[in-house]
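A.B. asks: A single structure is presented below for examination.
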Amino acid sequence: MKKFVISLFSVLIFSSYIIAQQNSANISFDKEVHNFGKIKEDGGKVEYEFRFVNTGSSPLIITNVKATCGCTSPTWTEKPVMPGQKGFVKAVFNPVRRPGNFNKSIFVESNSEKGRSILKITGEVLPRVKTVKDYYPKTMGDLRLETNHMAFVTVYSDQMKTDKVKIKNTSDSKMKITLDKVPKYLKLTAVPEVLKPGEEGYLLGVYDGTKVNDWGFITDRIIVKINDEFKNSNRLTISAKIEEDFSQLTEQELINAPKIVFEKKTLNFGEIDYGEKVETVINFKNEGKSDLIIRKIRTTCGCTTVAPKKTILKPGESSSFIAIFNPGSRTGKQKKSIYVISNDPKKSNERLMISGIVKEK
């Protein structure tokens, strides 16, 4: 009797499964992978329709279609597909700025038996032929530049560093290039100084860290004169971060180095009224074994500081400075950074944070 009940139960489960299969939708694609082959980067978008049939016995509904990245824009049959009827999922691929082989997946969610189908598009994007504008996107009249920003990144205070920017004369006449309002720690020259029509050259920059009387991030904007003509818009931006080079210090020198320690590195001024200025005192101490020198204190917009009472601290000495936050017309949550540059080899550019909430006017 017990065996009979078990057998009957198994038959019922199997029968239910068969009925469910017969009454469900089923999505059957004619192909699940499409290869576009070789396509041109500048040839425009390509698309392909994956066709399918509902081979089930219930209406098929595609609930969602997702692509692996934004370069495929799928559309699909959004209305229910009746048994035996056809539908589609269209994939659109944009090859712009995507040279090389590609293999993208499209996930199709539906009420079919398997729930999710995975389609793929593949191919190879042939890179477009680059033009003068691609190589030299920045312009100063008929002078084209690969960039209008010469970034030296980090320059040590005892270092000279070089960099260059490629240029091209796209005019029909000679072009004399000179640079104006150059600070003493920079040497900038055009090579060659006179560019023939269609000729390429470069702007050569030499940054002398030994002549910079400053620390941290420094930006200069240099006037580029073409045939001795001054145009305020023709500017080359020069940037560098001036730091002290501690890489050659011995282990003993590091042990004997200064050490800056702040009482607090994060300060919250709470809620303040609209337009109200807030002052806070920032205390610090030299817990090292040699003199601590405060090189510079730099703040982000809306925050200023008063010079420390002491900028050279003997071992064990303390000092402080005042940070002033002026919200101006700002409201809501505010976060400002203060950077303290010192000769502490392990914390030469320490960042402090002050924050709070400015009430509405």
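The values are calculated or read from the model by the stated rules, or taken from the named source; none is laboratory data. All values reported here derive from a predicted model rather than from experimental measurement. Backbone-built Cβ (ideal geometry, glycine too); neighbour counts: all protein chains shown.
A.B. asks: What's the number of the condition Arg295 fails, among (1) in the same structural domain as Leu179 (by TED's automatic domain parsing); (2) in contact (Cβ under 8 Å) with a residue 60 or more places away in the chain?
C.D. replies: (1)
A.B. asks: Any idea how many residues of region 46-105 are more than 28 Å from Arg128 (Cα to Cα) and aliphatic (A, V, I, L, M)?
C.D. replies: Total satisfying the criteria: 8.
A.B. asks: Additional query: Can you work out which of the residues in region 181-209 that are over 32 Å from the mean Cα position of the chain (by Cα) and outside any loop (DSSP other than H, G, I, E, B) is surrounded by the most Cβ atoms within 10 Å (Cβ to Cβ)? Spell out the reasoning first.
C.D. replies: The first filter runs over region 181-209 and keeps only residues over 32 Å from the mean Cα position of the chain (by Cα), leaving 184, 191-199.
Filter once more, keeping what is outside any loop (DSSP other than H, G, I, E, B): 191, 194-195.
Details: Val191: 12, Val194: 13, Leu195: 24.
Residue satisfying both the conditions and the ranking: Leu195.
A.B. asks: Name the residue that is surrounded by the most Cβ atoms within 10 Å (Cβ to Cβ), counting only residues in region 272-329 that are assigned to a strand (DSSP E or B) and of a type in the set (Gly, Ala, Ser). Spell out how you get there, then give the answer.
C.D. replies: Initially, region 272-329 is screened for residues assigned to a strand (DSSP E or B), giving 272, 278-286, 292-299, 303-305, 312-313, 318-325.
So of that shortlist, the ones also of a type in the set (Gly, Ala, Ser) come out as 318-320, 323.
Details: Ser318: 14, Ser319: 18, Ser320: 15, Ala323: 21.
Checking each candidate, the answer is Ala323.
A.B. asks: Within region 332-361, track down each residue that is more than 19 Å from Gly288 (Cβ to Cβ) and not in a strand (DSSP E or B).
C.D. replies: Those that are more than 19 Å from Gly288 (Cβ to Cβ) and not in a strand (DSSP E or B): Lys359, Glu360, Lys361.
A.B. asks: Just name the residue that is farthest from the chain's Cα centre (by Cα) out of those in region 72-118 that are under 22 Å from Asn35 (Cβ atoms) and assigned to a loop (DSSP other than H, G, I, E, B).
C.D. replies: By that ranking, first place goes to Pro74.
A.B. asks: Mind listing just one residue for me: the one in region 232-242 that is in contact (Cβ under 8 Å) with a residue 40 or more places away in the chain and assigned to a loop (DSSP other than H, G, I, E, B) and, of those, surrounded by the fewest Cβ atoms within 10 Å (Cβ to Cβ)? Break it down stepwise before answering.
C.D. replies: If we filter region 232-242 for residues that are in contact (Cβ under 8 Å) with a residue 40 or more places away in the chain, which is where we start, we get 233-242.
Now narrow it down to the ones that are assigned to a loop (DSSP other than H, G, I, E, B): 233-234.
Details: Ser233: 8, Asn234: 18.
Selected residue: Ser233.
A.B. asks: Identify, please: which residue in region 210-231 is in a strand (DSSP E or B) and of a type outside the set (D, E, K, R) and is, among those, surrounded by the fewest Cβ atoms within 10 Å (Cβ to Cβ)?
C.D. replies: Thr219
A.B. asks: Out of region 243-267, which residues are in a strand (DSSP E or B), surrounded by 13 or more Cβ atoms within 10 Å (Cβ to Cβ) and not hydrophobic (A, V, I, L, M, F, W, C)?
C.D. replies: Glu243
A.B. asks: On to the next question. Of the residues that make up region 166-173, is at least one under 26 Å from the mean Cα position of the chain (by Cα), part of a strand (DSSP E or B) and more than 11 Å from Leu236 (Cβ to Cβ)?
C.D. replies: Yes; the residues of region 166-173 include at least one that is under 26 Å from the mean Cα position of the chain (by Cα), part of a strand (DSSP E or B) and more than 11 Å from Leu236 (Cβ to Cβ).
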